[in-house]
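Please treat every number below as a calculation from the coordinates, not as lab data. Everything numeric in this text was worked out from a predicted model, so none of it was measured. When we count neighbours, we look across all protein chains shown, and the Cβ atoms used for this are built from the backbone with ideal geometry, even at glycine.
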2 protein chains.
Amino acid sequence: MDNPALVDVTRGSLTESLHRGSVAICDAAGKLVCGIGNVDARVFPRSAIKAMQALPLVESGAAEALALTDAELALACASHNGEEMHANAARVMLLKAGLTEDALECGPQWPQRMEDAAKLILANETPCGLHNNCSGKHAGFLGLAKVMGVETRGYVEPFHPVQREIRLVMEQLTGDTLSEDVCGTDGCSIPTYASPLRSFARAFAAFGTGEGLELLRADAAQRLFDACINEPYMVAGADRFCTKVMEGFRGRVFVKTGAEGVFCASIPELGFGVTLKCDDGATRAAEVMMATVIETMLDLNDDESVLLDGLVNPPVLTRRGIQAGHIRPRPEFLSTLKTALN
Amino acid sequence: MDNPALVDVTRGSLTESLHRGSVAICDAAGKLVCGIGNVDARVFPRSAIKAMQALPLVESGAAEALALTDAELALACASHNGEEMHANAARVMLLKAGLTEDALECGPQWPQRMEDAAKLILANETPCGLHNNCSGKHAGFLGLAKVMGVETRGYVEPFHPVQREIRLVMEQLTGDTLSEDVCGTDGCSIPTYASPLRSFARAFAAFGTGEGLELLRADAAQRLFDACINEPYMVAGADRFCTKVMEGFRGRVFVKTGAEGVFCASIPELGFGVTLKCDDGATRAAEVMMATVIETMLDLNDDESVLLDGLVNPPVLTRRGIQAGHIRPRPEFLSTLKTALN
């Protein structure tokens, strides 16, 4: 099944490029409220499910034992810019577990923004694992390993107790069996398991509402949800979609991006979870898709409207900052969404 | 008409993302040797036609009057990395025209590679127009304006004599009428005109062979072709597709990338021009498409085979440099190409 074109990139009066994709909106019982494209196709969730991968850290009591703060739990759910405050918070998380950055197995990554890269360059430093956008997640994994009393080395391998624990949680949340043949290696070296798009949407409905979860898991989900809402800067950083939306919506939505055009959301007031994937992996399109879904689903106040307008229709700029076109949802995408949700 | 999926991006044993696109291969008479997808759709050629935009510089005698070297002419056709040697060569081109970097209207851009950005940061500098990947093209425009005796300021505007001259050349080469309604603004602020994909393929067949061109234009095309073949590093730079292919093929092919997934080539020994566009604008897919087209079209020696193998099937890596998947042409794409070309 071919997924429909959902997003146009224009230049002048023409469409220059376009992005196809699929969208699943489900409730916690798994009912498909809206499905666009093939919602049964398996997708790698990549970083979009970091908040779920952090559940064992909280459920096990490790987060409490290590006295992790909201900011640190938000960082465990983050794909951050590698700004100084992100790297420092990851370092502190490791310290709380009696570890240093040498324990990280995510690999180094330059900070996202040139101004943060420049700080390293001027200090004659190169980036390390702390600057990797996944460093908080990895620090959480390591903290969990320590509290579980298992070897920390090799914590990224599929059969390490930490990764087995996470796979079990994902199997329970998605209702899917995660075998080796749907396993890939994520950019930060941990296993990532492909499940049907709609099963992640269901999982995020449960994550945001607690519906259908055991009490311990529901509490852990609430703790992580609140941490990200309270510390949205730690989830991404300056000028980032996830941070802007969670700052602007003050608890109405949880959103999290993943590599290769994946995006997930929980919208507790509606009881829905959302998962979408841009076929070609483009983040610019996944962001417009998610902004469009949120705009269509929620009654917005003025501030929320202004915020979303900029995210639904971001400009395409020249290097002098002049608008040459824009990225925008296709009219058919908008009408399909509206029909499904009303 | 929907363009077919041509390139897969895999992770583990699954396809994680895919890219659709269109490919046109024509001879200089305009005969379509191979057409995949909608080859009549208009596409913005962006930077892929820089060598054609440099024709007036050579035809007018300006290149000779300014004593431009092969390296400088290659830079006029380039989307370069903004390395020191690129920025310096652009500065010299401007000097030869009695101008400085202040005349550039392309806007600033950070060098492509962190090590080149680091040199600026350590020197307490920020990037200027010289580091813009289009600085050589702009220096060529300014040199032409000087030799034409027209005002240099505003040389990026559609009705400036330099841009009118280029539009005329593009109309002649594509056989298309370039009106305002197919005009967009390129990232470097100059006009870019969308024409049918196949008309650019025909134009590149003529560019590489001289067939059907007036003598003056054929000579100018040959001069620019040779300059890029002789100085491929100036056309792009370290670790770049265009540089690697033109270095490795020693005159057998001219290739040039453009933003939003456009790629053009001239293959003189076959008399063909190639133009392709990835629907979603991804360079990673456009590169694999072009490498696949070249691999299918030409008899290769061992060195050329090794070079292309790496470009047809580039790995997807983790941040620790371990292969997690690859980017590869779809079997249907390969078989369509083979059928059309044999």
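Return a whole-number percent for the relative contact order of segment A:42-111, with Cα pairs under 8 Å and 6 or more residues apart as the contact set.
Computed over segment A:42-111, the figure is 29 percent.
Normalised by the number of residues in chain A, what is the relative contact order in percent for Cα pairs under 8 Å and 6+ residues apart?
24
Rounded to whole Hz and in sequence order, give me ³J(HN,Hα) for segment B:14-22 from the Karplus expression 6.51 cos²θ - 1.76 cosθ + 1.60, θ = phi - 60°, writing x for Gly and Pro.
10, 7, 8, 9, 9, 10, 9, x, 9
Please report, to one decimal in angstroms, the Kirkwood hydrodynamic radius of chain B built from all distinct Cα-Cα pairs.
Roughly 20.2 Å, rounded to one decimal.
Please give the average number of partner chain Cβ atoms lying within 10 Å of the Cβ of each residue in A:119-129, rounded to a whole number. Before the final figure, lay out each step's value.
Details: counts 1, 3, 8, 4, 0, 1, 0, 2, 2, 0, 2.
Taking the mean over all residues of the peptide, I get 2.
For A:Arg330, list long-range residues whose amide hydrogen, built 1.01 Å from N in the peptide plane, is under 5 Å from its own amide hydrogen.
Here the answer is A:Val7, A:Asp8, since their amide H atoms fall under 5 Å of that of A:Arg330.
To make sure I understand the rule: partners must be lysines, Cα under 21 Å from the Cα of A:Lys277, and not fewer than 8 residues away in the same chain. Which ones qualify?
Partners found: A:Lys31, A:Lys50, A:Lys244, A:Lys256, A:Lys338.
Scan around A:Glu16 for amide H atoms under 5 Å from its own, H built in the peptide plane at 1.01 Å from N, and keep only partners 5 or more places away or cross-chain.
A:Val9, A:Thr10, A:Arg11
FRET efficiency for A:Ser13 and B:Met114, Cβ-Cβ distance as r, R0 = 45 Å, nearest 0.05?
The value I calculate is 0.75.
Over 10 Å intervals from 0, what percent of Cα-Cα pairs in the protein assembly as shown sits in each interval?
3, 15, 24, 24, 18, 11, 4, 1, 0
Please enumerate, by chain and number, the lysines with C-alpha under 16 Å from the C-alpha of B:Lys119, excluding those fewer than 8 residues away in the same chain.
A:Lys119
Which of A:Pro45, A:Pro232, A:Pro329 moves most in a GNM of chain A, Cα contacts under 10 Å?
In this elastic network of chain A, the residue with the biggest mean-square fluctuation among A:Pro45, A:Pro232, A:Pro329 is A:Pro329.
Have a look at A:Leu142, A:Leu224, A:Leu122 and tell me which one the Gaussian network model of chain A (Cα, springs below 10 Å) gives the largest fluctuation.
A:Leu122
Assigning unit charges at the beta carbon (Lys, Arg +1; Asp, Glu -1) and nothing else, what dipole magnitude in debye, to the nearest 20, does segment B:271-322 show about its Cα centre?
Taking the Cα centre of segment B:271-322 as origin, the dipole is about 420 debye.
In a GNM of chain B with a 10 Å cut-off on Cα contacts, which of B:Glu64, B:Glu101, B:Glu247 has the highest mean-square fluctuation?
Answer for the Gaussian network model of chain B: B:Glu64.
In nm, one decimal, shortest first: how far is the label point of A:Pro315 (7 Å from Cα along Cα to beta carbon) from the matching points in the other copies?
So the label point of A:Pro315 gives 4.2 nm to the other copies.
Going toward the positive end of the dipole of the protein assembly as shown, with +1 on Lys and Arg Cβ and -1 on Asp and Glu Cβ, which of A:Phe44, A:Leu197, B:Ala103 do you reach last?
The one lying farthest along the dipole's positive direction is A:Leu197.
May I ask you to compute the full-extension gain from A:Asp299 to A:Ile322, defined as 0.36 nm times their residue separation minus their alpha-carbon distance, rounded to one decimal in nm? If you can, show how the numbers build up before the last one.
Working: separation 23, 0.36 × 23 = 8.28 nm, distance 3.20 nm.
So the extension gain works out to 5.1 nm.
Between A:Leu122 and the same site in the other copies, what are the distances in nm, shortest first, taking label points 7 Å from Cα along the C-beta direction?
Between copies, matching label points for A:Leu122 lie 1.6 nm apart.
Rounded to whole Å, give me the distance from the Cα center of segment B:274-321 to that of segment B:163-204.
If we compute the Cα centre of each part, the gap is 26 Å.
If you place +1 on the Cβ of every Lys and Arg, -1 on the Cβ of every Asp and Glu, and leave all else neutral, what size is the dipole of segment A:5-341 about its Cα centre, to the nearest 20 Debye?
It works out to roughly 520 debye.
Assuming 0.36 nm per residue, please report the length gained on full extension of the stretch A:Asp181 to A:Ala340 beyond their Cα-Cα distance.
Here the segment from A:Asp181 to A:Ala340 would lengthen by 53.9 nm.
Once you keep just the Cα pairs under 8 angstrom separated by 6 or more residues, what percentage relative contact order results for segment B:1-120?
Taking the mean separation of contacting Cα pairs over the length of segment B:1-120, I get 15 percent.
When the helix-only estimate is applied to chain A (DSSP H runs of n ≥ 4, each -39,500 (n - 2.57), divided by the residue count), what is the mean residue ellipticity at 222 nm, nearest 500 deg cm²/dmol?
Counting only the DSSP helices, I get -13000 deg cm²/dmol.
Please report, for A:Thr339, the nm distances (one decimal) from its label point, 7 Å out from Cα along the beta-carbon direction, to the equivalent points in the remaining copies, shortest first.
Nearest to farthest, the other copies are at 3.4 nm.
How far apart, in nm, are the 7 Å Cα→Cβ label points at A:Gln172 and A:Asn88?
Going from the A:Gln172 label point to the A:Asn88 one covers 3.7 nm.
Using +1 at the C-beta of Lys and Arg and -1 at the C-beta of Asp and Glu, which of B:Val253, B:Met114, B:Phe141 has the Cα lying farthest in the positive direction of the dipole of chain B?
B:Met114
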